[in-house]
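Throughout, read-outs are computed from the coordinates displayed, never taken from laboratory work. Keep in mind that this is a model prediction, so the values were computed, not measured. Glycine also receives a Cβ, built like all others from the backbone with ideal geometry; neighbour counts cover every protein chain displayed.
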Amino acid sequence: MTRLHGSALRLTIFVGEGDTFRHKPLYGEIIHRAHKAGLAGASAFKGIEGYGASSLIHTSRLLSLSEDLPVAIVIVDDAARVRAFLPQLDDLVTEGLVILDECEVIRYVGRHGEKRAK
């Protein structure tokens with residue numbers, strides 16, 4: 001796994017919570033593939049409200065529409081590694097949005113064995 005500090009590329013993939021790949025959540029498949037590819041980090045975030053190409057608003061406030069809330073998967077690594085991962089999304093994402101952003105990473109690492117000041 002890559003350890004980042006400095007310039008990086010952030011890949012954000014927006015899909016629906018109900019989107020699946022082989023009967024499993026799509027966001028989980030993307031996270032597992034990113035991990036298998038050795039990317040530095042990936043997380044999925046569930047939205048509470050949003051809309052996409054259909055212009056239908058999905059919200060957690062209405063039970064009838066809450067089954068397909070937006071999910072954002074965020075992956076960060078160096079630009080070459082992120083770009084090498086993009087073809088995998090072609091196999092997975094049938095409807096969604098992908099955003100690439102240059103970013104700067106500041107990594108904090110715990111100090112094992114040191115006592116924290118109170």
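Enumerate the amide H contacts of L69 below 5 Å, restricted to partners 5 or more residues apart or on another chain; note that Pro and chain-start residues carry no placed amide H.
Distant-sequence amide H within range of L69: E17, G18.
Can you run phi through the Karplus equation (6.51, -1.76, 1.60; θ = phi - 60°) for the range 38-44 and list ³J(HN,Hα) in whole Hz, with x for Gly and Pro?
Rounded to whole hertz, the list is x, 5, 5, x, 8, 9, 10.
Based on the mean of other beta carbon atoms within 10 Å per residue, what is the order of 24-33, 48-57, 83-92, most packed first?
24-33, 83-92, 48-57
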